[in-house]
Amino acid sequence: MGLSFGVDWYPEQWERSLWESDADRMKAFGVRTVRMMEFAWALVEPEPGRFDFSLFDEAIRVLADRGISVILGTPTATLPAWLAGDPSGVLQTHPSGRVRDFGARREGCWNAPAYREASRRLVRAIAARYGKRPEVEGFQIDNELGHEGSDRCVCPHCAREWRAWLARRYGDVKALNEAWGTVFWGRTISDFSQVPVPRIQPATRHNPALLLDYDRFLSDTAAAFVNEQVEVLRAASTPEKWITTNLFPVPFSLSLDMEDVTRGMDFASWDNYPVWGEDEAPLPYFFQSFLMTYVRGLKKDRAFTVMEQMSGIQAHVCLGHLPSERQVALWTAQAVARGAERIVYFRWRTAAFAQEQLCYGLLDTDNRETERMRVLGENLTRAETAFSDLASEPVESPACLVYSKDDARLLREQYLSLGLYHRANDWMQAGLDAELAKWFAPFVALNVNADVKSVRSVDLDRYKLVSLPLYQMADPAFVERLAAWVDRGGVLVLSYRAGARDLSNRNVSEPLPGLFRALAGVRIPRFEALGKTKARLRVGRLPIPAHGEVWADIVEPETARPAAFWTDRKKFYRGAPCVTVNSLGKGTVWYVGTSPDPAATFLLYRRIFKSAGIAPRFAGPGVEIVDRRLSDGSEVSVILNHSPRRRRVLGRTLEPWGWAVVPKRG
């Protein structure tokens with residue numbers, strides 16, 4: 001396919017007299033595709049069962065006349081008023097007990113029969129009308145599933161389906177009582193109807209095992225909701241039409257397992273907003289790299305789409321940092337370097353009214369060319385040439401960060417340390433997202449290509465090195481696979497809390513790190529949470545100031561060798577190891593009993609990468625290098641300068657926020 005660019009355009013929000021000029025300007029800008037219709041349910045079905053697609057038929061014709069294709073969203077994220085008022089109840093109930101009102105978005109409950117039936121009817125109508133239209137290249141299912149806390153509902157419909165889900169999972173209440181440990185505090189049940197939905201409590205929370213299962217239930221519900229739409233669209237569409245859905249930051253704060261949600265789709269899509277609202281600065285560039293690599297990893301060897309690429313400053317209520325236009329252009333190049341083959345800018349023109357008046361597009365409401373449109377247009381033209389031979393090629397990586405979705409769910413609620421708690425807003429606890437990004441940072445800072453895969457989907461034999469942070473709920477079968485892979489020569493990096501729980505979320509009955517004890521060659525008899533503080537440590541014999549954050553394991557080596565020590569004079573465990581390395585067969589296991597700060601990370605991972613036969617390439621602060629293979633088999637390096645200063649890298653001088661593609665060295 002190569003690289004293509006598009007925009008999000010909402011013809012229903014603009015006078016018909018603007019459409020032709022909009023389409024002409026889009027074509028001149030370099031737009032090949034337009035996304036539309038993802039919030040238009042009330043327009044296309046003004047009353048139950050009566051459909052009117054005339055507005056979008058005309059908009060599609062205007063675009064097609066200029067050679068621009070269309071991505072259609074199934075507009076099930078915002079309910080029409082006639083459905084919101086259905087007497088059977090379709091509105092979500094927040095865990096606080098509040099019922100969502102009609103008028104915002106994402107208010108529909110996936111378990112409400114009336115909502116599900118209306119959604120199926122709507123998608124059938126869309127599929128019948130557009131499934132074979134050549135102007136439509138693909139479909140986006142819904143919009144940002146689970147966003148703004150909509151992944152969690154405790155309404156009566158959910159309560160009914162939750163208990164049915166438990167009955168299918170456990171078979172009888174005895175098995176549930178055993179799995180959850182309900183003997184504790186006398187929470188034993190005798191019938192599934194007695195199991196509560198997890199509303200927010202005044203003080204002590206619900207059993208973590210109940211919360212974990214409820215997240216699994218919600219995720220299965222979302223996947224079923226999505227799959228119904230996928231099946232309808234597939235059945236009525238021509239084979240070349242693809243199906244996706246757009247995910248959003250930050251994925252590990254959600255109950256939903258996006259690997260399950262996107263399973264029946266062709267690829268995953270991402271909404272890329274490195275800075276939002278009142279943020280005083282963009283997210284660190286390694287955080288963005290981690291998030292996009294995660295999205296790419298949801299599908300094997302498939303490029304992803306950025307369905308909403310930030311173009312102007314964005315907010316709903318309060319604005320903050322304004323990035324340079326060149327930095328915004330750099331984020332496009334970063335997305336392609338990390339595996340995107342399609343970039344759709346949000347949005348064509350700033351909304352004149354309603355909740356997104358502060359979401360600035362390529363154009364403002366005065367309809368005059370903006371500086372951001374000029375800079376992004378120039379970058380688009382350059383990117384199409386520079387990236388055309390690599391955008392659709394798989395990203396090859398010698399290393400992988402592996403995550404467990406169940407551990408992510410658990411750690412959102414039982415976060416262990418204040419260092420793993422970050423309440424970004426009322427509905428997002430993003431502490432684990434930040435921590436996993438931190439564990440991905442050495443791959444970015446030292447410019448080693450890496451993937452992000454789940455425990456259940458990772459193919460260990462593709463990698464020389466695997467990083468497995470915060471894997472508490474250890475699966476014995478996966479631990480056996482890891483042991484065999486290490487024995488064959490793999491290098492495994494474990495973190496604090498490895499192997500602390502079993503698959504039922506029970507504390508293990510053997511010394512920590514549980515199932516990993518023999519692999520790591522250590523015992524962890526004592527530990528503490530560092531919270532927002534840090535403790536000094538020394539890597540090897542180097543007298544360079546470095547610290548551990550979040551957590552402190554007091555490591556007792558058995559067969560392992562110490563690689564770093566606690567040196568903080570305020571800690572009684574000063575002198576104890578905090579990082580070890582263990583040889584096993586042809587491979588190596590590193591145990592990192594803390595969250596290393598940047599200095600410790602730099603010092604440790606230079607050694608870790610070398611132990612895996614991977615050459616680290618530090619090119620200076622803010623410089624990111626991603627190696628890619630072209631369609632002809634040759635290799636290049638994409639260099640990204642995330643700095644307001646010029647950088648000299650691999651023989652090229654990069655301007656502030658600049659990028660280049662050069663032949664790979666070595």
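Observations, loosely collected:
- The residue that is nearest to Val344 (Cα to Cα), among those in the range 37-51 that are aliphatic (A, V, I, L, M) and in a loop (DSSP other than H, G, I, E, B), is Met37.
- Identity of the residue in the range 242-264, open to solvent by 10 Å² or more (accessible area, probe 1.4 Å) and at pLDDT 95 or above, that ends up nearest to Phe5 (Cα to Cα): Trp242
- Top-ranked residue in the range 204-241 [being charged (D, E, K, R) and over 17 Å from Pro95 (Cα atoms); ranked as surrounded by the most Cβ atoms within 10 Å (Cβ to Cβ)]: Lys241
- Among the residues listed as Val508, Val550, Val493, the single one being touching a Phe, Trp or Tyr at 6+ places or on another chain (Cβ under 7 Å) and among the aliphatic types (A, V, I, L, M): Val493
- Filter result for Glu655 (open to solvent by less than 50 Å² (accessible area, probe 1.4 Å), among the acidic types (Asp, Glu) and within 24 Å of Ala281 (Cα to Cα)): no
- Here Phe39 meets the list (1) of a type outside the set (D, E, K, R); (2) open to solvent by less than 50 Å² (accessible area, probe 1.4 Å); (3) within 19 Å of Thr245 (Cα to Cα) almost entirely, failing just condition (2).
- For the range 425-448, the candidate set comprises residues that are among the hydrophobic types (A, V, I, L, M, F, W, C), touching a helix residue (DSSP H, G or I) at 6+ places or on another chain (Cβ under 6 Å) and not in a loop (DSSP other than H, G, I, E, B); within that set, the residue that is farthest from Ala600 (Cα to Cα) is Met428.
- Only one of the listed residues (Glu107, Glu144, Glu117, Glu135) is in contact with a strand residue (DSSP E or B) (Cβ under 8 Å, 6 or more places away or on another chain) and over 30 Å from Val250 (Cβ atoms). That residue is Glu135.
- Search result, residues across the range 335-365 that are among the hydroxyl-bearing types (Ser, Thr, Tyr) and under 25 Å from Tyr285 (Cα atoms): Tyr345, Tyr360
- Of all residues making up the range 343-388, the number that are part of a loop (DSSP other than H, G, I, E, B) and either out of contact with any helix residue (DSSP H, G or I) (no Cβ under 6 Å at 6 or more places or on another chain) or surrounded by fewer than 20 Cβ atoms within 10 Å (Cβ to Cβ) (or both): 19
- Boolean, Glu480 is acidic (Asp, Glu) and part of a loop (DSSP other than H, G, I, E, B): no
- Pairs meeting the criteria (first residue in the range 21-36 and assigned to a helix (DSSP H, G or I), second residue basic (Lys, Arg), beta carbons under 6 Å, at least 6 apart or on different chains) are Ala23/Arg66; Lys27/Arg66.
- For Phe527: the one exception among (1) under 19 Å from Trp439 (Cβ atoms); (2) open to solvent by 10 Å² or more (accessible area, probe 1.4 Å); (3) under 29 Å from the mean Cα position of the chain (by Cα): (3)
- Top-ranked residue in the range 98-150 [being of a type in the set (A, V, I, L, M) and in a helix (DSSP H, G or I); ranked as farthest from Asp8 (Cα to Cα)]: Ala114
- Arg506 out of contact with any strand residue (DSSP E or B) (no Cβ under 6 Å at 6 or more places or on another chain), surrounded by 23 or more Cβ atoms within 10 Å (Cβ to Cβ) and either at pLDDT 95 or above or on the phi < 0 side of the Ramachandran plot (or both): no
- Selection from the range 339-363 of residues that are among the small types (Gly, Ala, Ser) and either farther than 19 Å from Ser269 by Cα or touching a residue at least 60 places away in the same chain (Cβ under 8 Å) (or both): Ala340, Ala351, Ala352, Ala354, Gly361
- Some residue of the range 212-231 being without any contact (Cβ under 8 Å) to a residue 60 or more places away in the chain and under 18 Å from Tyr130 (Cβ atoms): yes
- Residue match in the range 61-75 (condition: under 27 Å from Gln201 (Cα atoms), open to solvent by less than 40 Å² (accessible area, probe 1.4 Å) and not aliphatic (A, V, I, L, M)): no
- Residues in the range 161-203 that are closer than 22 Å to Asp407 by Cβ, within 31 Å of the chain's Cα centre (by Cα) and open to solvent by 70 Å² or more (accessible area, probe 1.4 Å): Arg169 only.
- The condition (being touching a residue at least 24 places away in the same chain (Cβ under 8 Å), of a type in the set (D, E, K, R), in contact with a Leu (Cβ under 7 Å, 6 or more places away or on another chain) and outside any strand (DSSP E or B)) is satisfied by just one residue among Glu280, Glu259: Glu259.
- Residue count for the range 52-75, restricted to those that are out of contact with any strand residue (DSSP E or B) (no Cβ under 7 Å at 6 or more places or on another chain) and part of a loop (DSSP other than H, G, I, E, B): 6
- Residue count for the range 1-44, restricted to those that are modelled with pLDDT of 95 or more and farther than 21 Å from Glu144 by Cα: 21.
- Single residue of Ala77, Ala104, Ala84 found to be at pLDDT below 95, of a type in the set (A, V, I, L, M, F, W, C) and within 25 Å of Asp426 (Cα to Cα): Ala104
- Some residue of the range 524-540 being at pLDDT below 95 and more than 27 Å from Arg412 (Cβ to Cβ): yes
- Residue satisfying condition, being touching a strand residue (DSSP E or B) at 6+ places or on another chain (Cβ under 6 Å) and part of a strand (DSSP E or B), within set Val458, Val452: Val452
- Pair list, Cβ < 8 Å and 6+ apart or interchain, from the range 630-652 residues that are within 20 Å of Gln288 (Cα to Cα) and at pLDDT 95 or above to residues that are assigned to a strand (DSSP E or B) and open to solvent by 50 Å² or more (accessible area, probe 1.4 Å): Ser637/Pro663; Ile639/Arg652; Asn641/Arg647
- Single unsatisfied condition, Arg607 versus (1) in contact (Cβ under 8 Å) with a residue 60 or more places away in the chain; (2) open to solvent by 10 Å² or more (accessible area, probe 1.4 Å); (3) in contact with a Lys or Arg (Cβ under 8 Å, 6 or more places away or on another chain): (3)
- Among the residues listed as Phe602, Phe565, the single one being assigned to a strand (DSSP E or B), in contact (Cβ under 8 Å) with a residue 12 or more places away in the chain and open to solvent by 30 Å² or more (accessible area, probe 1.4 Å): Phe565
The values are calculated or read from the model by the stated rules, or taken from the named source; none is laboratory data. Predicted model only: the values in this text are computed from it and were never measured. Cβ: placed from backbone, ideal geometry, glycine included. Neighbour counts: every protein chain shown. Protein only, heavy atoms only, side chains kept; ligands, DNA and RNA dropped before computing areas. Shrake-Rupley method; radii C 1.70, N 1.55, O 1.52, S 1.80 Å.
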